[in-house]
1. How many Lys pairs in the chain lie less than 30 angstrom apart by Cα atoms, where the lysines are 8 or more positions apart or on different chains?
2. Under a GNM of the chain (C-alpha, springs under 10 Å), which listed residue has the highest mean-square fluctuation: Lys17, Lys145, Lys34?
3. Taking springs between alpha-carbon atoms closer than 10 angstrom, which of Asp106, Asp121, Asp135 fluctuates most in the Gaussian network model of the chain?
4. Please report the projected area of the chain's Cα convex hull averaged over all directions, in nm².
5. Hey, can you rank 62-68, 38-44 by average C-beta count inside 10 Å, highest first?
6. Once you've got the GNM for the chain with C-alpha springs shorter than 10 Å, pick whichever of Thr141, Thr131, Thr86 has the biggest mean-square fluctuation.
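Read the figures in this text as sums done on the coordinates, not as results from a lab. All values derive from a computational prediction rather than experimental measurement. With ideal geometry, Cβ positions are generated from the backbone for all residues, glycine too; neighbour counts draw on all protein chains shown.
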Amino acid sequence: MTDTTTSDPTDTNGARKALMATLAASSPEAVAEKFETLSPPAFDLVRQPETGLVMVRGRMGGTGSPFNLGEVTVTRCVVRLESGETGSAYSLGRNKQKALQSAVIDALWQRADMKARIEADVIAPLAETQTTGKDTIREETEATKVNFFTMVRGDN
């Protein structure tokens, strides 16, 4: 995975990329829980939640020639708030509710009056949960690590 954080607070595209990556990587239950804390305004569905397939490509050793690894299921959704902001979301899997809620959160984040609240109340806790989960897996993996070493004898 790539690091989606941005160091420049004026970089709106990088910040939105980080927001969308956090929402996409979160569980449907976590997104629903955070969505319930918001009181979103009315919105129109530009593109209703729909599920499709996307071809995933890989590279041998990370640097070799690309090859088609296989297809994965992706759900996407686009909404437009009454105030005009358009939010979109893509997420792995078939959970249409998560795609819809993520798109609404994305649209709300684009509003100046909601941006700070979305970042503090929705994105920061979801990102913290993801970081904690990654740290737990890293610690569990580190506990099973075996360090091999070679004794060098003076036989040469």
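1. So the count works out to 15.
2. Among Lys17, Lys145, Lys34, the largest mean-square fluctuation in the Gaussian network model of the chain belongs to Lys145.
3. Evaluated over the chain, the most mobile residue of the options is Asp135.
4. That works out to 14.4 nm².
5. Packing proxy ranking, top to bottom: 38-44, 62-68.
6. Thr141
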